[in-house]
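Data block below; observations after.
Laboratory data are not the source of any read-out in this text; all were calculated from the coordinates shown. These numbers come from a predicted model, not from an experiment. All Cβ positions, even for glycine, are placed from backbone atoms using ideal geometry, and neighbour counts span all protein chains on display.
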Amino acid sequence: MMMLAIDSTAAIATGALFRDGLLITEREADASKKHAETLLPLIDDLLEENGLTIENMDLFAVDIGPGSFTGVRIGVSLVNALAFASGKMIVPVDSLETLSRTAGKTENPVCAMIDARNGNAYAALYQAGKTLMEPGAVVIESFLAGLPQDTVLVGDVKTETKTYPRARFAGLCALAHLERAKEEVEPVYLRVSQAERLKQESNKQA
């Protein structure tokens with residue numbers, strides 16, 4: 001089985017190819033350009049380097065968020081289009097679950113956090129393959145105070161080394177949740193965008 005996994009929730013988009021459950025390769029997009037410019041060329045290069053085409057894919061995996069509003073929308077829209085055109089299914093993957101895999105093997109609770117600015121974050125808590133706390137929007141300081149002392153933190157909040165969701169981890173999550181496969185997937189945002197918040201504030205003041 002050939003699977004193409006895409007992550008566009010972080011600042012740098014990544015793509016990865018899997019064959020029969022094993023990672024073949026992962027590639028990063030050009031960090032100096034926007035996802036809208038880089039994601040399709042990234043996929044084209046990834047496939048060409050391995051002598052493959054979209055028609056060779058049996059399955060797609062994509063991070064559906066939370067993360068960059070624009071990045072999430074671009075990745076989900078593109079993978080939906082590729083799946084529709086090829087008649088294949090998509091496994092949607094939560095970016096926090098993807099991020100939690102950067103902790104490696106550990107028996108400790110793993111808290112994945114993505115900075116949402118202004119003292120806020122997207123966060124979830126996992127342990128031994130189980131979800132202890134579903135993804136949600138949190139206030140960083142109060143949330144961290146309530147975590148178990150042996151919790152491993154991953155992400156870009158309050159960590160010495162920042163880590164981000166990547167396609168190879170999205171692919172591994174997808175392989176663990178093949179029952180989620182569907183024809184079309186929807187983004188997960190958890191919070192309204194800044195533009196929507198500004199519009200709401202403007203309407204209140206009017």
Distance in nm between pseudo-label sites at Asn120 and Asp150 (7 Å out along the Cβ direction from Cα): 3.4
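Calculate for the chain the 222 nm mean residue ellipticity that helices alone would give, adding -39,500 (n - 2.57) per DSSP H run of length 4 or more and normalising by residue count, nearest 500 deg cm²/dmol.
-10000 deg cm²/dmol
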Computed from every Cα-Cα pair in the stretch 97-155, P(r) in 10 Å bins starting at 0 and rounded to whole percents is 25, 59, 15, 0
Cβ-based charge dipole, the chain, positive-most Cα from Ile12, Cys111, Ser86: Cys111
Please go through the residue pairs Lys33/Lys162; Lys130/Lys162; Lys105/Lys182 and name each one whose alpha carbons sit more than 27 Å apart in this structure. Lys105/Lys182
Only Lys, Arg (+1) and Asp, Glu (-1) charged, at Cβ; the stretch 97-155 dipole about Cα centre in debye: 140
Loop-located GluC sites (Glu not before Pro) in the stretch 9-52, at most 15 other Cβ atoms within 10 Å (DSSP): none
Report the convex hull volume per residue for the stretch 91-199, counting only C-alpha atoms, in Å³. 114
Isotropic mean projected area of the C-alpha convex hull, the chain (nm²): 12.7
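Grab the Cα-Cα distance for Ala36 and Ile54, subtract it from 0.36 nm times how many residues apart they are, and report the gain in nm with one decimal. Each step should come with its number before you reach the end.
Details: separation 18, 0.36 × 18 = 6.48 nm, distance 1.88 nm.
Value of the extension gain: 4.6 nm.
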Counting only DSSP loop positions in the stretch 59-154, the GluC sites (Glu not before Pro) whose Cβ has at most 15 other Cβ atoms within 10 Å are Glu107
For Glu107 and Asp20, FRET efficiency with R0 = 35 Å and r from the beta-carbon atoms, rounded to 0.05? 0.75
Label point distance in nm, Thr131-Glu179, each placed 7 Å from Cα along Cα→Cβ: 1.3
How many angstrom lie between the Cα centre of the stretch 142-183 and the Cα centre of the stretch 54-73? 16
